[in-house]
1. For the stretch 1-78, what log10 I(q)/I(0) values come out of the Debye formula at q = 0.12 1/Å, with one point per alpha carbon and no solvent?
2. Pop out the Kirkwood hydrodynamic radius of the stretch 55-142 from its pairwise C-alpha distances, inverse of mean 1/r, in Å to one decimal.
3. Once amide H atoms are placed 1.01 Å from N in the peptide plane, what residues at a sequence separation of 5 or more from Y136, or on another chain, have their amide H within under 5 Å of its amide H?
4. Quick one: Debye curve from the C-alpha atoms of the chain, no solvent, what's log10 I(q)/I(0) at q = 0.10 Å⁻¹?
5. With a cut-off of 8 Å between alpha carbons and a minimum separation of six or more residues, what is the relative contact order of the chain in percent?
6. For the chain, which whole percent of the accessible surface, found with a 1.4 angstrom probe, sits on carbon and sulfur atoms?
7. Under the rule of at least 5 residues apart or a separate chain, name every residue whose amide H is placed under 5 Å from the amide H of V53.
Amino acid sequence: MTHADDLRAWARGSYNTIEAATELLLRAFGGRYATPGNSWVHISEDPEGPHKVRAWIDFESIPEEVGVLSGRERPSLLIAASIAENVPVVLGEVVPGLDRENPDLVLAGIARAGGSHQHSDIRETPDGSMTLRPGYLDSLHPWPNALRAVK
């Protein structure tokens, strides 16, 4: 498994917010802020686990650590921290700092965190009754395919 796979495995099954914020870090800036060496990315041995390594992200520590980053990078990291751990962020201050690629990622992250990929397809019929179609609706804003992500 790759490091990105380890992070996704850690986030999978937790709240949609952790999954969304993890994916946002893996996709933004080519994934460099989801790699080991960043103070908020942790790796430990897990001898009992199926992969022997456990990777996770301490989203709550991101705001304390991003002060040295550029105004172009900081907004995406703060938004990811806010999605994952309710870290307070003033959107009016951080959104204008997003570069061209990252609003697309942030929108996909918000759609994922909100569970739009898990919404049932419920329709009203002409007689006013409700019907549940099989499966789920597509995400309101899926993850973009064109951007690089950590593998």
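1. Normalising to I(0) and taking log10 leaves -0.33.
2. Answer for the stretch 55-142: a Kirkwood hydrodynamic radius of 15.2 Å.
3. Amide H to amide H, under 5 Å and 5 or more residues apart or across chains, Y136 pairs with nothing.
4. Summing over Cα pairs of the chain leads to -0.40.
5. Details: 233 pairs, mean separation 40.9, N = 151.
Computed over the chain, the figure is 27 percent.
6. That fraction is 52 percent.
7. Placed amide hydrogens put D46 under 5 Å from V53.
The values are calculated or read from the model by the stated rules, or taken from the named source; none is laboratory data. Just so it is clear, the model here is predicted, and its values are computed rather than measured. The area values use the complete protein model at the heavy-atom level, side chains included, leaving out ligands, DNA and RNA. Shrake-Rupley method; radii C 1.70, N 1.55, O 1.52, S 1.80 Å.
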